[in-house]
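To start, the structure itself, in structure tokens.
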Amino acid sequence: MKQVHRILLSRMKFIGDVVLTTPIIRAVREKYPEAFIAYLGEKNAVSLLEENPHLNEIIPYDFTRPSIFESARVGFLLRKRKFDVAVDLFSNPRSALLMYASGAPVRIGKKVQGRGNLYTHQIKDDGKPKSAIGFHYQYVQPLDVEPTHLQTEIFLTDIEKREAKRFLTWQLESDETYSQQSNRPLIGINPGATWPSKIWLKENFAGLAFLLAKRLNAHVVLFQGPKDKQLVDEIAKLSLAKVSILPVMQLRQLAAVLSQLSLYITNDNGTMHISVATGTTTIGIFGPGEENIWFPYFPPHLALRKDVPCHPCHLDVCNRTGKEYMECMKLLHVNDVFEVVKKVLTAHG
């Protein structure tokens with residue numbers, strides 16, 4: 001595609017999905033090294049794109065404001081930027097209208113009845129198996145961008161990393177061994193998820209924390225989202241080992257703290273993608289989700305899942321009953337995860 005000087009990329013929602021578009025950002029930059037490239041998305045999620053050297057501008061959308069006012073504000077801003085191309089990696093009604101409002105002569109989005117007509121180039125999935133990263137790459141094919149990059153990335157400043165170290169020292173100062181034993185593995189656990197069906201049993205997390213602390217001499221820290229306080233408190237009480245609970249953090253602070261860990265164990269949630277993108281070895285626990293799509297990562301990162309007849313169910317709440325309720329999560333035992341952690345730490349320690 002000729003005469004491309006100003007490019008808008010947009011993935012409007014969801015933390016993990018925004019992180020999963022970072023390989024596309026790098027690939028577009030390599031194809032168009034002199035172009036002005038901007039990224040539009042939900043304000044908290046796109047904070048993870050700050051310091052990304054492949055972007056010229058980040059345009060945050062504030063979903064806490066009335067839609068009519070925020071859409072008008074952002075639409076006006078987009079039109080002022082005079083983009084040549086707008087690529088909608090989300091393609092819902094709001095994002096389709098914003099791409100149209102941008103006035104970009106080339107607008108790329110999903111082929112779907114109705115709003116698909118707002119795009120000049122409509123993308124239809126080819127139906128072949130692919131990861132979330134591969135799915136996003138389809139939308140930049142009209143720009144002749146090849147899938148040259150698959151690794152996600154978050155760029156942290158040296159100051160952010162130093163502050164994360166200080167934060168951890170302050171949060172964990174009650175445990176003298178944290179500062180005295182610098183070679184002690186620091187392992188993070190995140191037991192939360194947006195869907196109840198994606199949450200591994202709290203008893204399992206408590207048992208895993210015990211094994212990590214007692215057998216690997218690890219310092220275990222629990223991470224939590226805004227709605228996870230009761231869950232992490234219960235896990236800390238159930239565990240026979242001492243664990244530390246970290247407070248809810250802003251996303252960039254969270255990314256910086258994750259970058260300091262020896263290893264991170266988490267359910268299928270947004271922090272899983274943040275951790276991988278910071279370079280921390282990550283183990284993702286999967287139940288109803290498809291790891292071949294939502295865990296497009298290579299070793300030492302690993303996804304753990306047990307096969308069940310109903311997989312993938314795509315249900316936010318398990319609809320099975322009796323002994324079969326949450327079977328995908330029940331079949332993944334504490335020792336299964338522990339043995340994987342031990343091997344990973346031994347191989348990459």
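The values are calculated or read from the model by the stated rules, or taken from the named source; none is laboratory data. On a predicted model such as this, the values are computed, not experimentally measured, just so you know. Virtual Cβ from ideal backbone geometry, glycine too; neighbours counted across all protein chains shown.
For ALA236, state whether it is in contact with a Pro (Cβ under 6 Å, 6 or more places away or on another chain) and either at pLDDT 95 or above or aliphatic (A, V, I, L, M) (or both).
no
Residues in segment 121-141: is at least one in the same structural domain as ASN52 (by TED's automatic domain parsing), touching a Phe, Trp or Tyr at 6+ places or on another chain (Cβ under 8 Å) and without any contact (Cβ under 8 Å) to a residue 60 or more places away in the chain?
The answer is yes, given that some residue of segment 121-141 is in the same structural domain as ASN52 (by TED's automatic domain parsing), touching a Phe, Trp or Tyr at 6+ places or on another chain (Cβ under 8 Å) and without any contact (Cβ under 8 Å) to a residue 60 or more places away in the chain.
For the structure I just gave you, tell me whether LEU20 is crowded, with 20+ Cβ neighbours inside 10 Å and farther than 27 Å from GLN3 by Cα.
The answer is yes for LEU20.
In the list ASP62, ASP84, ASP88, which residue meets the criterion of being farther than 25 Å from ILE274 by Cβ and either in contact with a Leu (Cβ under 7 Å, 6 or more places away or on another chain) or of a type outside the set (Lys, Arg) (or both)?
On inspection, the qualifying residue turns out to be ASP84.
Out of (1) under 23 Å from SER47 (Cβ atoms); (2) outside any helix (DSSP H, G or I), the odd one out for LYS161 is which?
Only one criterion in (1) under 23 Å from SER47 (Cβ atoms); (2) outside any helix (DSSP H, G or I) is unmet by LYS161, namely (2).
Considering LYS82, LYS110, which residue is surrounded by fewer than 19 Cβ atoms within 10 Å (Cβ to Cβ) and modelled with pLDDT of 95 or more?
The unique qualifying residue is LYS82.
Here is a check on your reading of the model: is THR64 of a type in the set (Ser, Thr, Tyr), closer than 20 Å to LEU254 by Cβ and touching a residue at least 24 places away in the same chain (Cβ under 8 Å)?
Here the answer is no, as THR64 does not meet what is asked.
Condition first: outside any helix (DSSP H, G or I) and either surrounded by 16 or more Cβ atoms within 10 Å (Cβ to Cβ) or of a type in the set (Lys, Arg) (or both). Can you find one or more residues in segment 132-143 that meet it?
No, segment 132-143 contains no residue that is outside any helix (DSSP H, G or I) and either surrounded by 16 or more Cβ atoms within 10 Å (Cβ to Cβ) or of a type in the set (Lys, Arg) (or both).
Taking segment 124-151, which residues are within 17 Å of the chain's Cα centre (by Cα), within 14 Å of ILE108 (Cα to Cα) and among the hydrophobic types (A, V, I, L, M, F, W, C)?
Within segment 124-151, PHE135 is the sole residue that qualifies.
Quick check on LYS306: is it in the same structural domain as PRO196 (by TED's automatic domain parsing), farther than 24 Å from HIS136 by Cα and touching a Leu at 6+ places or on another chain (Cβ under 6 Å)?
It is true that LYS306 is in the same structural domain as PRO196 (by TED's automatic domain parsing), farther than 24 Å from HIS136 by Cα and touching a Leu at 6+ places or on another chain (Cβ under 6 Å).
Of the conditions (1) free of Cβ contacts under 8 Å to residues at least 24 places away in the same chain; (2) surrounded by fewer than 20 Cβ atoms within 10 Å (Cβ to Cβ); (3) at negative phi, LEU246 fails just one. Which one is it?
(1)
Got a sec? Which of THR282, THR271, THR266, THR278 is in contact with a His (Cβ under 6 Å, 6 or more places away or on another chain), of a type in the set (Ser, Thr, Tyr) and modelled with pLDDT of 95 or more?
THR282
Based on what the data block shows, is ALA255 under 22 Å from VAL344 (Cβ atoms) and in the same structural domain as LEU172 (by TED's automatic domain parsing)?
yes
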